[in-house]
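Taking it in order: structure first as C-alpha cells, then the write-up.
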Amino acid sequence: MAGTLRIGVIPTALTASTFFTQAYRKEYPRMHFKLFSLSAEIIFRKLDAFELDLGFTYLGDPRLQGLHILPLYRENYVLLARRSWEGARLSSMTWLDVAKLPLCLLTPNMHNRQLLDAVFRDAGASPNVVVETDSVLTLYAHVVGAGLFTILPHSLLSTIGTGQELIAMPLHPPSYRQIGLIAPYQKQPSQMRAAAWKIAKTLELQKQFDGLISRFD
C-alpha cells in the first residue's frame, strides 16, 4: 500500500503522532504523511472540508458528533522546571501554588490553554502568565533558557532530553484529558484509513507515557 495521509495534530499530541507514523511505516514502508500542528478548532474545520484525513485531538468535545473516534491515552499534566529551582525537591505542587510562578503557556486560542485556564479557575487561582506562544518548543526553551515554568502533558516528556537539567513535578489535584484519533465517519473507510485504525490500536501509548515521569524525579 502506498499513498499520503494528511493528519492534523494538536501541539501537545505531536509526540503521540510520531509513534503512530513509525508503526505505520514499519507496516507499509511506501506510505507518506503530511503532519500539521493545528488547534482543535482548525482540525475539525479541515476534517469537515476533507482537507485532512485524520486528527489527533482532545475527546469529549461536542464537535466530535458524527466523527469516527478512537481513544488513545489520557494526558496527565506536570509542572516543568529547572532542577536548580529552589522548590525542585518538593514531591508535588497545588495548582494554587503553581499560579504564583512565572509561567510560559500556550496562547488562549489553543484548547490546551483553555483547559488549563479552567483548572486554575476551579482552584480559585489566576495564573501569572508572562510568555504566551503557539509553539511547544518555545515553552521548553523558556524553561531551559529563561528560568520560567510551564505546564505540559506527561506525553511530551519523551521529547525533552534526559531529565538532567529539568524536573517534571506532579500537580495536585491531578487533571486528566483524553486524547484520541478522529476521522470523518465512513461506512466503508479507505484501505489507508482502515490500516490507521488497526495500527493505532496496537500502540499502548498510555503505558509508554506513564513511565516517563520517573525519569525526571
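The values are calculated or read from the model by the stated rules, or taken from the named source; none is laboratory data. As the structure is a prediction and not an experimental result, all values here were calculated from the model. Here the Cβ is made from the backbone with ideal geometry for all residues, glycine too, and neighbour counts use every protein chain on show. Calculation scope for accessible area: heavy atoms of the full protein, side chains included, ligands and nucleic acids excluded. Shrake-Rupley method; radii C 1.70, N 1.55, O 1.52, S 1.80 Å.
Summary table below
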quantity	calculated
Of all accessible heavy-atom area on the chain, the percent that carbon and sulfur account for (1.4 Å)	51
The chain: angle of helix 14-27 to the longest principal axis, Cα-based, in degrees nearest 10	30
Rh (Kirkwood; distinct C-alpha pairs) - the chain, Å	18.1
For segment 119-186: rounded, prolate or oblate by the Cα gyration tensor [a/c cutoff 1.5]	oblate
Principal-axis tilt of helix 136-146 within the chain, Cα atoms, nearest 10 degrees	20
Average Cα contact separation per residue, the chain, under 8 Å, 6 or more apart, as relative contact order %	32
Convex hull volume of segment 29-100 per residue (C-alpha atoms, cubic angstrom)	196
Spherically averaged projected area in nm², based on the convex hull that wraps the Cα atoms of segment 150-211	6.2
Crossing angle, helix 111-122 versus the chain [Cα axis fit, 0-90 degrees, rounded to tens]	40
Kirkwood-based shape ratio for segment 101-217, expressed as Rg/Rh from alpha carbons	1.03
Antiparallel bridge percentage (DSSP; both residues within the chain; nearest 5)	55
Probe 1.4 Å, protein heavy atoms only - accessible area per residue of the chain in square angstrom	50
Three-way shape call for segment 12-64 based on the alpha-carbon gyration tensor, with the a/c threshold at 1.5	prolate
3J(HN,Hα) from dihedral phi, segment 47-56, Karplus parametrisation 6.51/-1.76/1.60, rounded to Hz, x for glycine, proline	5, 4, 8, 6, 8, 10, 9, 9, x, 10
By average C-beta atoms within 10 angstrom, highest first, the peptides 51-61, 190-200	51-61, 190-200
